[in-house]
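> I have a structure here, written as structure tokens, and I will follow up with some questions on it.
Coordinate-derived values only; no laboratory data. Just so it is clear, the model here is predicted, and its values are computed rather than measured. Because the Cβ atoms are built from the backbone with ideal geometry, glycine has one as well, and the counts that use them run over all protein chains shown.
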Amino acid sequence: MRALILVLVCSVLAPFVIAQSQHNFWAFGFGAGLDFSSGSPVPVSTSLSTDEGTASICDASGQLLFYTNGENVWDRNGNVMPNGSGLFGSYSTSQSALIVPFPDDPQRYYIFTAPAEAGQWVGQPNAAYSVVDVSTNVGNGDVVSANVLLDGPVTERLTAARHANGRDVWVLYHRAESDAFLAYLVTCDGVQGPVVSNIGRPMITNADGSGSSIIGCMKINQQGTRLASAWGNLVPYSVTDWWCATYFDLLDFDNSTGQLTNILSDSIGGTPELFSRGYGVEFAPNGNVVYMSDHGLFNGGGYSTIRQYDLANADPMNTEYVVANGFQAFGSLQLAPDGSIYSARLNGATYLSAITAPDVVGPSCSYLDYAVSLGANVSTWGLPNHWDTYPDPPPDDPIALHDTLVCADGEPITLDATWSHPFQTPTYLWSTGETSASITVNTSGRYTVEVQLPCSTLVDTVDVQFGGTPIDLGADVSTCDDVPVTLDPGPLSGSTVWNTGDTTASIVVEEPGTYTLYLIDTLGCTSSDAVTVTTRNCACPLYLPTAFTPNGDGINDVLAAGMDCSPTSFELELFDRWGHRVHRTTDPTFAWTGDELPIGVYAYILRYAWEAQDGERNMRRSGNVTLVR
């Protein structure tokens, strides 16, 4: 046998990895804020005053850098940054802003923005981004680029997730008046894309300008595998009355390609009696539980709930559980550094509610209505739109050379370093000099591949060891039935086991049969060989000819048994082709001439016994003999 072992020695990758402390500071509502740096939320006051979505970012030590409501950007001291006004988000957008660090520059950050009501309020309907450089303005930051337009019109939904390579970041919008999700990729080359997924219901506005499908939030779980979206459809059914249905969608997300597939949906309300509008969404840390807030607010009043869905269930949309309800409406939902999911509260609330065990299905998820005080400051619809995880997981190995053990009979091994990216084409250089994505090797050694990307080089190294120990038990063995046989493969390195259960390298056998030896060598590869042992009677050998010719020429004229011992009993019977016995004798010396029988083939049965050293032995043999004249 031959063996291959692949050992991943190193993978050099420089993704930006920001510690959990990046979201220690929250700014939202009317001057409200929370500081999580002590591990528990402490209320603070901020310069921000806004109705809905916000975003904030801290440095690796948890010190505030800046925060924004999508229109203005405030520095760490609560002052509006230079050029930090007039961004294309809105104080009244569900997810007005989202912050993404530059993959190759820890001093610069993208602020992505979404417009209010797809531009119906301010006339600017497009997705956009601006750039903040926190190294400028004596370390207080400056908006160095503003309002670079992307696709549009878009709804108020805005979220992000890491690319499978752990370095790049997907930023997702939903196009208004359409069923299209737009996935942009932030790389060292800038903002690339979008990748478009047309799936689900179109988010449209009614002809009379009514409808609320544009409003609502979406989030991707920290595993980067699922997206959840909440929205509603507000429709007049009479001159003075309206109805609204909540739609909650769950989709699979491929963080390698940016594509969304396999949509599941739930709907709530949609009657005059049950007025429901979807708004906030958030995943539990384990990615298997998701929460959605809906409300019936219209002209100042209405009923509101937080609902839980169990995604580990085969039919998750039928697992809806109402975690909380009331007439003081719930707004955005956001996972915090302390592991709880917090909910914004409306109607002048000076507190947030929380789900303190969000991974748990059912009532044990532990909802607290009054979870944290905001002091004198007031909550509204929004909480910070934080998209990344708590804490960040290590990125997947970007090159598919994983630790592997393969044993094969001298076959070459393919090392495949193919690296997939929707917008970049890498080049490859192996230590062998080859430049293809994969190479075939048939000798032991250390192999290194460099995958060159526009802004970085990925390096993987593997040790390839061909091995395995051939076993040779030799040819099959035929021996006397009273002579033991030693089966010995010679010197071996590794652990051995026979199909008899013996674990020694060599064994002694006395019975006929097939004996197999397995060897697990020092590389962990298993090889084997087998030998068949047959025995024959050597103490009293006896034979009959296969043919005789009673023609008087002196050659094979009679049928007689030949033997080298004196049997203690003897019986020979012959039968014709119809099974009739034509001859029988108990005389071991009798010679049969086949008188008066026609030529042909006759069957015989021979029984005899002899006295051996360990007692009497018996033997029965059968066969055919041909009579020829």
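> Counting other Cβ atoms within 10 Å, keep those with at most 16, restrict to DSSP loop, and tell me which chymotrypsin sites (Phe, Trp or Tyr not before Pro) in region 103-179 are left. The partial results should precede the final answer.
Details: sites: TYR109, TYR110, PHE112, TRP121, TYR129, TRP170, TYR173; in loops: TRP121.
Loop-located and lightly packed - TRP121.
> Quick check: net charge around GLY445, other residues with Cβ under 14 Å of its Cβ, Lys/Arg +1 and Asp/Glu -1? Don't skip to the answer; put the middle values down first.
Values: positive: ARG446; negative: GLU434, ASP463.
Result for the neighbourhood of GLY445: -1.
> Relative contact order for the chain: what is it in percent, counting Cα pairs under 8 Å that are at least 6 residues apart?
Details: 1761 pairs, mean separation 70.0, N = 629.
The normalised contact order for the chain reaches 11 percent.
> How about region 305-354: which chymotrypsin sites (Phe, Trp or Tyr not before Pro) there are in a DSSP loop, with at most 15 other Cβ atoms within 10 Å of their Cβ? Intermediate values should be presented prior to the final figure.
On the way: sites: TYR309, TYR321, PHE327, PHE330, TYR342, TYR351; in loops: PHE327.
Of the chymotrypsin sites (Phe, Trp or Tyr not before Pro), the ones in loops of region 305-354 whose Cβ has at most 15 other Cβ atoms within 10 Å are PHE327.
> Same structure again: Taking 0.36 nm per residue of sequence separation and subtracting the Cα-Cα distance, how much length would be gained by fully extending the chain between ASN79 and ASN147, in nm to one decimal? Could the numbers behind the result be given before it?
Details: separation 68, 0.36 × 68 = 24.48 nm, distance 2.01 nm.
Contour length minus Cα-Cα distance gives 22.5 nm.
> Then there is this: 5 Å is the cut-off here: which amide hydrogens, built 1.01 Å from N in the peptide plane, fall below it relative to ALA417, excluding neighbours closer than 5 in sequence?
Here the answer is SER438, ILE439, since their amide H atoms fall under 5 Å of that of ALA417.
> OK, next. Please report how far the C-alpha centroid of region 20-51 lies from that of region 130-160, rounded to the nearest whole angstrom.
After rounding, the separation between the Cα centres reads 20 Å.
> Hey, could you get me the Stokes-Einstein D for the chain, Kirkwood radius over alpha-carbon pairs, 20 °C and 1.002 mPa s, rounded to whole µm² s⁻¹? Present the calculation step by step, with values, prior to reporting the outcome.
On the way: Rh = 30.9 Å.
Approximately 69 µm²/s, per Stokes-Einstein.
> Related question: Compute the orientation-averaged projected area for region 22-83 from the convex hull of its Cα atoms and round it to one decimal in nm².
Details: hull surface 16.0 nm².
Computed as one quarter of the Cα hull surface, the answer is 4.0 nm².
> A further question follows. With just the Cα atoms defining each centre, how far is region 418-459 from region 221-291? Give it in Å.
The two parts, judged by their Cα centres, are 42 Å apart.
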